[in-house]
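A.B. asks: Below: one structure in structure tokens.
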Amino acid sequence: MKNILLGDSDTHLTDILTQYLQSEDFTVTSTYDGNSTIKKALNQPFNALIIDLMLPHTNGFEVIKAIRKHSEVPIIILTTKDDDLDRVIALDLGADDYIIKPCNPRELITRLKTILRRTQDKPATRAIIEYHNILVDGTKRVASIAGVLLDLTNTEFNILEMLIKSPGQAFSKEELTEYALGRKFTAYDRSIDVHISNLRNKLGENLSGENWLKTVRGFGYMFNA
């Protein structure tokens, strides 16, 4: 049984979502402010977090930052803040997905299950890929460059793994979204662009001068062979 932390000050909504999640055999713990969400997330084992950005006391952005200092647990943002900048900031801080309220609870559960399959139900063995000084270990789900471990989110790791498997091959944003986020790409969705930008920074492209992740204009991205 998977343990989910649901952080939202809307008690009516949390009650509804809890019923849906429990009907799918999830165990749900609810928190109603940012401070208690951080405390629970860092002191109890959870398989995923679903949090609102408008949490009292400590907002969702600060919650993500606090959790990402210590944990790579999947985080889904569920919020009324339908603003592209907020989406970019949340993903940049390490959120794995971003869903706008009101949403169909079934869609939320589908996305949650997809993230859990992607991050926890991994094959017993997966290839270790080496390219120049970059190493990607699919079994341990870790990546390093010049022997230094990269602090990647689950989504960033999936993107890097997909691209580095086929250097020189361009992948569309649709393909990357389905592989890395486990959902269909929609018009004006910039999630992949944000994750790519974060990944570039972590690969040290700006410092090393290496252009590992190449933009294919009007299409998507490729690992530069």
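A.B. asks: Starting from the Cα gyration tensor of the range 8-58, take the square roots of the eigenvalues, sort them a ≥ b ≥ c, and report rounded, prolate or oblate (rounded when a/c is under 1.5, otherwise prolate if a/b is larger than b/c, else oblate).
C.D. replies: oblate
A.B. asks: Additional query: Taking 1 over the mean of 1/r across every pair of different Cα atoms in the chain, what Kirkwood radius in Å do you get?
C.D. replies: In the chain this quantity evaluates to 18.1 Å.
A.B. asks: Could you tally the net charge around Gly34, taking each other residue with its Cβ under 12 Å from the Cβ of Gly34, Lys/Arg +1 and Asp/Glu -1?
C.D. replies: Net charge in that neighbourhood comes out at -1.
A.B. asks: Kindly identify the range 40-100 as rounded, prolate or oblate by the Cα gyration tensor criterion: order the square roots of the eigenvalues as a ≥ b ≥ c, call it rounded if a/c is under 1.5, otherwise compare a/b with b/c, prolate if a/b is larger, else oblate.
C.D. replies: prolate
A.B. asks: For the residue pair Tyr131 and Gln169, what label-to-label distance in nm results when each label sits 7 Å from Cα along the Cα-to-beta-carbon direction?
C.D. replies: My value for the distance between the label points is 1.1 nm.
A.B. asks: If you average the C-alpha positions of the range 154-186 and of the range 3-27 separately, how far apart do those two centres end up, in angstrom?
C.D. replies: Going from one Cα centre to the other spans 30 Å.
A.B. asks: If you place +1 on the Cβ of every Lys and Arg and -1 on the Cβ of every Asp and Glu, how big does the dipole about the Cα centre of the chain come out, in debye to the nearest 20?
C.D. replies: Taking the Cα centre of the chain as origin, the dipole is about 480 debye.
A.B. asks: Starting from the Kirkwood Rh over alpha-carbon pairs, what translational D in µm² s⁻¹ does the range 2-120 have by Stokes-Einstein at 25 °C and 0.890 mPa s?
C.D. replies: 176 µm²/s
Read the figures in this text as sums done on the coordinates, not as results from a lab. Just so we're clear, the structure is a prediction, and the values are computed from it rather than from any experiment. No Cβ is skipped: glycine too gets one built from the backbone with ideal geometry, and neighbour counts run over all protein chains shown.
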